[in-house]
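First the structure, in the form of structure tokens, and then the observations on it.
The values are calculated or read from the model by the stated rules, or taken from the named source; none is laboratory data. Note that the coordinates shown come from a computational prediction; the quantities given were computed from them, not determined experimentally. Backbone-built Cβ (ideal geometry, glycine too); neighbour counts: all protein chains shown.
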Amino acid sequence: MAISLKPSQKTVELVELTRRWSLDVVRPYAREADTNEIYPDVPEVIEACPLDVAPVGFATLRDDEYVDRAHTLKTDIEFGPNVLSVFMTEPLSQGDSWAWQMLHGGTVSEDFINLIGTPEQVEKWCTGEHVLTAIAMTEDQSGTDLAGIQTTAVRDGDEWVLNGKKVFISNLLECEWIVLLATINPEAGSAGVRAFILDRDDIAKFDVTTDKEDKIGFRFIRNATFELHDIRIPFDRCVGGPEAPGVAAALGVFSKNRATCAVWGTSIARGCLGFTEQWIDERAEEYSPARLTRIRADFAEMHDTLDDVVRLALKSAWLKDRGENAAVTACEAKAVTPKLAESIVLRCLQLVGAEGASERHLLEKWYRDIKMTDAMLGPGQVQRRSVSQMLLRGGAGR
């Protein structure tokens, strides 16, 4: 089936504006973000962004909000929010990745509330303001496997009592609130898992054992490990209520987020590629004509590779917008992108030579960052296993 997803001229212009913002406004703070291992305190950068909401949050917007908050013409909404999300994610990290996550809706925590929360919870927590949020899901023995979650939530009158441990949680100490996954019935496996909302006062009671993991890339995102010892929260903080079907269905948000996560990787690689192209052009006289022709052919091939991955992500988003099962295509996009993007960044490093490994340029940072994209929302081997299971068993997957 032929799929035509040609955006309007206005959306093309918005993509270019977003790319220029990332290159010209975000990139100058990239080294600071990496060295200081925290988001730079430059609110004017976020204010200058052409988007008022992160693309991963497009699916939570009403049709009448796209013009004002997503700045995307309503004529393009026929594609659906997930297709628009892929279009707008592609330029966001070409300068660097640190800034776009500061946009409203930059995490999946609000997705959980919008999908399975009560109207009162949506109104209270999904306010549309620029606040940083987080999701606490990972434990020592489990990542995206809900059945392995051991953190417990026990009802005590009008409160929930939380006990357990969470590891490698992004933005914990900077966020305004988090969604935390815990089980109300350990014997029920994933069916017993519920999502709970915890605010800054609750977070202050956590026993934080590691406030910043030392990691290879995306150092501006601080990852914390913490324990919960009899943390009490109000009864109405259970997302959707305890009788809701649980959060397993809400993990369908990962299908769309896997597609945008894949395009996050192509965006980093595209920015690295653009830098290297400019670097070579400025030194063209240092190369023989034959060598320069070969290098530029490499550039064209790398751009084609990135375009192919973006098309795969767009197909996944298109299926999602049509209400069809996009899990296989989303997993495929997430499985292949990190290695392809990493190979492109590595090739750029090779072309620049020894200077590319120095901190005079951002190439070495981007090479560290691109490696992190494989771990997000499940590494490649997990995605390949999921695809195999879905194709062989006919399962819907996540």
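Tabulated results
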| read-out | value |
| --- | --- |
| Only listed residue being under 16 Å from the mean Cα position of the chain (by Cα) and more than 22 Å from Met372 (Cβ to Cβ), chosen from Glu110, Glu159, Glu176, Glu120 | Glu110 |
| Selection status of Ala134, modelled with pLDDT of 85 or more, under 19 Å from Ile178 (Cβ atoms), outside any loop (DSSP other than H, G, I, E, B) and of a type in the set (Gly, Ala, Ser) | yes |
| Number of positions in region 114-131 that are assigned to a loop (DSSP other than H, G, I, E, B), modelled with pLDDT under 90 and not acidic (Asp, Glu) | 6 |
| Among (1) within 11 Å of Leu181 (Cα to Cα); (2) modelled with pLDDT of 90 or more; (3) not hydrophobic (A, V, I, L, M, F, W, C), the one test that Glu159 misses | (1) |
| Members of region 343-383 that are more than 27 Å from Ala136 (Cα to Cα) and in a loop (DSSP other than H, G, I, E, B) | Ser358, Glu359, Arg360, His361, Leu362 |
| Qualifying residue in region 84-100 (condition: at pLDDT below 80 and of a type in the set (A, V, I, L, M, F, W, C)) | no |
| Some residue of region 40-53 being modelled with pLDDT under 80 and not assigned by TED's automatic domain parsing to the domain that holds Val179 | no |
| Qualifying position, being touching a helix residue (DSSP H, G or I) at 6+ places or on another chain (Cβ under 7 Å) and closer than 26 Å to Ala30 by Cβ, among Leu319, Leu312, Leu349 | Leu349 |
| Condition check for Gly57: under 18 Å from the mean Cα position of the chain (by Cα) and modelled with pLDDT of 95 or more | no |
| Of all residues in region 275-302 being acidic (Asp, Glu) and in a helix (DSSP H, G or I), the one that is surrounded by the fewest Cβ atoms within 10 Å (Cβ to Cβ) | Glu285 |
| Subset of region 225-244 [modelled with pLDDT under 95 and within 30 Å of Asp374 (Cβ to Cβ)] | Val239 |
| Qualifying residue in region 201-213 (condition: under 25 Å from Cys126 (Cα atoms), part of a strand (DSSP E or B) and among the polar types (S, T, N, Q)) | no |
